[in-house]
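To start, the structure under review is shown below, and the notes come after it.
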Ligand code: GLG
């Protein structure tokens, strides 16, 4: 695993010479990035191969994580860190007068996901390798990643994210592992020697070609594979697709990532994408099982294979595995069903009904006739089995096919041996409310697995100074074993350490301030409170509540009421079709313009909405945050993960008792977090009794009235209609997210922030406690629980190889 600076320099020089016919001092940063990634690839190639060989030799059980999104961000620094090369390479480059950060900036973000769900999938990949399990990702190689966000006159514009324009240096095209996926046409069951076998007629045949990316484990010699599928025309079918539009129809299948994660779109292309990567993934798993492992007895499949369904998008895996087992491998239905149940497990990531997938039966029948037959049969058997055991109402509520639609969550639950939520409250709500009927039927299948984050990325890569402080105080072991971070609490009264924490934060804020100046031309004072809300833009996440707080501060400052200096920083993309979310962006941007240029305010308050929030931007913002805004409507945020990243970097959380915020509060104790807002019972009461009347609140609370009125009385220029839309929404009895109900309490929480800010010593103590306790959310711990409770994996024994 050792690499000396000199060896590295030689390797790099060599790559630059070969790739570009240039000397090191001529190469551009982008060329250096290409060369450096080449060195890194050579570095992990032997252990990637060795991992594959060991897997086959040991016949170890593997998990395949099926996810329609993977959001790894950039890989260069992660790979360097995980190989144990980061410091050496940084130092060697610096000897050469080169800067790793500048070179790394040439890498495009691999943004094949929207937000938390996709980021979690990427974190799981890193963690599986780093904890020594063999886990594979299975997803789609979208030609265009999540759109690039630009603000034009304060409005969000979406630009294509052509991340593959310059080639991805990490992926390997594995043509020999291609498989065919069939869509459309007609299917007829014919008797073939006593086995009812499908005969297909017409339709499209698509070639699924895998692109594999190595996932290097953290200094442990395990290198796993993220397999993303691309759609192509099969060579033998070339003549069937003569026109350009014919070809497009096939190749466009993997062009775009749907830019929305909280609303489900019943579109044919999405359904095609789902089946495409599910079928390709399962075929390649079975091929491996049969050919490589030499197995024919499919009843042993669950000893070798676990397939995880990440949200409902890959839920068709249940029907597809049944199809492959029954039709292709002639396993009888009952045995196949038994195998499927043992292989499949499912995570639910939301309780919001608009995000629950339901496919029209007609659409499914036309696109996937055989799959629709199989789902119909699963549904029929499910109902028949329960008939007489439970009431008809329960059967009707839980069955898969209802009102001409296939309920994908029901399919996922009925066909999986494990169903988990992503934070304690979320799982509890699944069990007691949203999936209550299923919980009563299958209590043993339900379990909680609170999300986690890659501390390696959010501390070691994004915040090297804080990582050094941890090394100097508690020693380096925390880097591999996060439990050790708890020892940091011993420094609670150590003034020097507390001062270091404040100094590191200030340094990170200075860097972010420079970036803000470069990007937006706005000066911000690094000594101000950096108040951060970074996440997708959605009503339930309530960027709106933050906006109202900003308006309140603005009005106070105008009226001569003083507040500590504050910089509010947003990062958020709105789904392109989500009109209200885009109106919120416009109003925040106009509010920011107004405040940032108001001489009366004189820099006491600044509002910064950074464009194009993505993983790389998160790495700049999160280490510089003093306050973490986690203010979703209680019950709506399944877990959240930015809350964990911000806490790990020492930010103080302002939180509703929602999602994983509850567990953060439990970890740090009530003195080290500021909570506010409606609790879950109050939220459910409003829903049940239709008793939410925000206009009454508004009429009786002059502060609230004055703040909301700022949206409509011309205070904020250039956004009259958008301001009106926001105000109307807040005042409507149908407003589902209770912005005004939490307004007064939120202001109190923010007053508390101001109070706490006055004492830098105790602020640093809160920071320290948050940093220490972020160990609870180390994704490696989450993965250990999945591996033990759900997937039943053993660690792979790999021989470490020298580079
Ligand atoms: C979801 C939820 C988040 C959750 C994430 C990962 O909304 O609360 O943290 O999955 O489980 N769509 C999402 O991002």
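The values are calculated or read from the model by the stated rules, or taken from the named source; none is laboratory data. As the structure is a computational prediction, the values presented were derived from the model and not from experiment. Glycine also receives a Cβ, built like all others from the backbone with ideal geometry; neighbour counts cover every protein chain displayed.
General remarks:
- Test result for residue 227, closer than 25 Å to residue 370 by Cβ, assigned by the TED database to the domain that holds residue 137 and under 25 Å from the mean Cα position of the chain (by Cα): yes
So that you can scan it fast, the table gives a plain yes or no per residue for (1) within 30 Å of residue 360 (Cβ to Cβ); (2) without any contact (Cβ under 8 Å) to a residue 12 or more places away in the chain:
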residue: 215; (1), (2): no, no
residue: 222; (1), (2): no, no
residue: 237; (1), (2): yes, no
residue: 243; (1), (2): yes, yes
residue: 266; (1), (2): yes, no
residue: 287; (1), (2): no, no
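- Looking across 106, 129, 123, one residue alone is within 16 Å of the ligand (Cβ to nearest atom), farther than 20 Å from residue 276 by Cα and not in a strand (DSSP E or B). It is 123.
- Count - residues of segment 94-103 that are part of a helix (DSSP H, G or I) and touching a residue at least 12 places away in the same chain (Cβ under 8 Å): 4
- Residue list for segment 654-688, filter: surrounded by fewer than 24 Cβ atoms within 10 Å (Cβ to Cβ), outside any loop (DSSP other than H, G, I, E, B) and touching a strand residue (DSSP E or B) at 6+ places or on another chain (Cβ under 7 Å): 665, 674, 675
- Scanning segment 654-673 for residues being farther than 25 Å from residue 349 by Cα and touching a residue at least 12 places away in the same chain (Cβ under 8 Å) gives a total of 3.
- Count - residues of segment 783-797 that are assigned to a helix (DSSP H, G or I) and surrounded by fewer than 22 Cβ atoms within 10 Å (Cβ to Cβ): 5
- Pick from segment 447-465, criterion within 16 Å of the ligand (Cβ to nearest atom) and not in a helix (DSSP H, G or I), ranking: farthest from the chain's Cα centre (by Cα): 447
- Lone qualifier among 778, 759 - being touching a strand residue (DSSP E or B) at 6+ places or on another chain (Cβ under 9 Å), at pLDDT 95 or above and over 16 Å from residue 625 (Cα atoms): 778
- Among the residues of segment 387-399, none qualifies, meaning not one is closer than 22 Å to residue 280 by Cα and either in the same structural domain as residue 269 (by the TED database) or surrounded by 17 or more Cβ atoms within 10 Å (Cβ to Cβ) (or both).
- Within segment 432-446, the only residue that satisfies the criterion of being crowded, with 19+ Cβ neighbours inside 10 Å and assigned to a loop (DSSP other than H, G, I, E, B) is 435.
Residue-wise test of (1) outside any loop (DSSP other than H, G, I, E, B); (2) within 16 Å of the ligand (Cβ to nearest atom); (3) surrounded by 23 or more Cβ atoms within 10 Å (Cβ to Cβ); (4) in the same structural domain as residue 526 (by the TED database).
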| site | (1), (2), (3), (4) |
| --- | --- |
| 594 | yes, no, no, yes |
| 599 | no, no, no, yes |
| 602 | no, no, no, yes |
| 623 | yes, no, yes, yes |
| 635 | no, yes, yes, yes |
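- Only a single criterion out of (1) in contact (Cβ under 8 Å) with a residue 24 or more places away in the chain; (2) within 27 Å of residue 114 (Cα to Cα); (3) not in a strand (DSSP E or B) is not satisfied by residue 208, namely (3).
- Single match in 270, 323 (criterion: modelled with pLDDT of 95 or more, in a helix (DSSP H, G or I) and within 16 Å of the ligand (Cβ to nearest atom)): 270
- Residues within segment 211-256 that are within 27 Å of residue 124 (Cβ to Cβ) and in a strand (DSSP E or B), tallied: 16
- Scope segment 202-214; condition surrounded by 11 or more Cβ atoms within 10 Å (Cβ to Cβ) and under 19 Å from residue 279 (Cβ atoms); matching residues: 203, 204, 205, 206, 207, 208, 209, 210, 211, 212
Results for (1) within 16 Å of the ligand (Cβ to nearest atom); (2) touching a strand residue (DSSP E or B) at 6+ places or on another chain (Cβ under 8 Å); (3) more than 18 Å from residue 757 (Cα to Cα), shown as yes or no for each residue.
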| residue | (1), (2), (3) |
| --- | --- |
| 511 | no, no, yes |
| 516 | no, yes, yes |
| 520 | no, yes, yes |
| 526 | no, no, no |
| 532 | no, yes, no |
| 540 | yes, no, yes |
| 545 | no, no, yes |
| 555 | no, no, yes |
| 569 | no, yes, no |
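- Among the residues of segment 689-705, those that are surrounded by fewer than 15 Cβ atoms within 10 Å (Cβ to Cβ) and touching a residue at least 40 places away in the same chain (Cβ under 8 Å) comprise 690, 703.
- Looking across 371, 351, 413, 375, one residue alone is under 32 Å from the mean Cα position of the chain (by Cα) and without any contact (Cβ under 8 Å) to a residue 60 or more places away in the chain. It is 375.
- Only one of 770, 718, 734 that is farther than 27 Å from residue 565 by Cβ and either assigned to a loop (DSSP other than H, G, I, E, B) or under 29 Å from the mean Cα position of the chain (by Cα) (or both): 734
- Within segment 150-171, the residues that satisfy the criterion of being touching a helix residue (DSSP H, G or I) at 6+ places or on another chain (Cβ under 9 Å) and part of a strand (DSSP E or B) are 151, 155, 156.
Matching residues to (1) within 16 Å of the ligand (Cβ to nearest atom); (2) under 30 Å from residue 205 (Cβ atoms):
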position	(1), (2)
364	no, yes
376	no, yes
405	no, yes
419	yes, no
425	yes, no
440	no, no
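- Subset of segment 150-171 [over 24 Å from residue 29 (Cβ atoms) and in contact (Cβ under 8 Å) with a residue 40 or more places away in the chain]: 151, 153, 154, 155, 156, 158
- Lone unmet requirement of (1) within 16 Å of the ligand (Cβ to nearest atom); (2) surrounded by fewer than 24 Cβ atoms within 10 Å (Cβ to Cβ) for residue 94: (1)
- For the residues 429, 411, 368, the requirement of being closer than 27 Å to residue 635 by Cα, touching a strand residue (DSSP E or B) at 6+ places or on another chain (Cβ under 8 Å) and buried (at least 18 other Cβ atoms within 10 Å of the Cβ) singles out 429.
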